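First up is the structure itself, then whatever we jot down about it.
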Amino acid sequence: MRYSKEFIRETLGIFLLLLMIFALTEGCNIGRPNDALAPMFIGLTVSSIICLIAPLTQAGQNPARDFGPRLVAWATGWGDAAFPDHIGGFFYVYILAPFVGGILASLFFVHLLEPAMKHSSVQCNCCDDGSIKK
């Protein structure tokens, strides 16, 4: 695949972002900061990922942010400027990679990290069904 490096970089960026969001919002994560600090840490994560990946792939990270302007540009007659490559590289890198990264992050978290958090020696405030005890 011609765009394999870019695909992997975008996938990794979304994987790390979602993993951080999951870790900061999971009730059984006893090491997470106060709920009021989660938005700050998520924002710092986004900033860090952009600083690392933007020089390599422009850090799309959001399929709608990439595809929406392309559709508008195409509809207003920009044709080749909206879709410059005819082999669909933009699709793999900026649309498919975030979905793959999101799916991988959710599977990794749900099947590996979350069970480890729920079975820790310290009592957490979550139930087996994922809801938080009152």
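All of the numbers you see were taken from the coordinates with simple rules; none came from a lab. This one's a predicted model, so the numbers in the text were calculated from it and none came from an experiment. Every residue, glycine among them, receives a Cβ derived from its backbone with ideal geometry; neighbour counts consider all protein chains shown.
Numbers below:
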{"read-out": "Helix-only CD estimate at 222 nm, as mean residue ellipticity for the chain, using -39500 (n - 2.57) per DSSP H run (n ≥ 4)", "value": "-17500 deg cm²/dmol"}
{"read-out": "13 Å beta-carbon shell around residue 12, net charge (K/R +1, D/E -1)", "value": "0"}
{"read-out": "At R0 = 30 Å, FRET efficiency that the Cβ-Cβ distance of residue 71 and residue 100 yields, to 0.05", "value": "0.85"}
{"read-out": "Over the chain, relative contact order from alpha-carbon pairs under 8 Å, at least 6 apart, %", "value": "39"}
{"read-out": "Simple label model, 7 Å out from Cα along Cβ direction - residue 52 to residue 35, nm", "value": "2.9"}
